[in-house]
1. How much length is gained if the chain between Leu79 and Ala62 is pulled fully straight, taking 0.36 nm per residue apart and subtracting their Cα-Cα distance, in nm to one decimal?
2. Obtain the nm distance between the two label points defined at Asp22 and Val44 by a simple spin-label model: each point lies 7 Å from its Cα along the Cα-to-C-beta direction.
3. Write down Rg/Rh for the range 2-85, rounded to two decimals, with Rg from the C-alpha atoms and Rh from the Kirkwood relation over Cα pairs.
Amino acid sequence: MVKGFRRFLDALSGMLRGLSVDYVVVELRELENVFALLILGSFVGIPSPPTPIALRLLPHMARELLIMQRVSSRLDDMLAEMAGIFEVT
């Protein structure tokens with residue numbers, strides 16, 4: 001009885017640890033998106049940091065720029081896709 005309960009607690013602990021790692025990964029991805037938006041925000045109308053600071057941070061954004069390029073190549077018209085989902089006519 002005790003061994004079964006111990007195995008249950010170990011399995012539960014492993015599952016919760018896995019979930020917490022997944023949450024941290026998602027949070028890291030979102031923080032990278034926010035970082036890119038802060039640096040390249042002038043393209044969408046958000047005030048950006050001074051140019052020298054943005055240029056110093058640009059080398060750290062190589063991965064983020066590749067991700068943005070990959071996502072933008074998949075997108076056609078995001079507003080039209082959202083309107084299609086909500087059946088806006």
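Only the coordinates and a few stated rules stand behind these numbers; no lab work does. All values derive from a computational prediction rather than experimental measurement. Note that we place each Cβ from the backbone using ideal geometry, even for glycine, and neighbour counts take in every protein chain shown.
1. On the way: separation 17, 0.36 × 17 = 6.12 nm, distance 2.74 nm.
Contour length minus Cα-Cα distance gives 3.4 nm.
2. 2.6
3. Working: Rg = 20.3 Å, Rh = 16.4 Å.
The Rg/Rh ratio comes out at 1.23.
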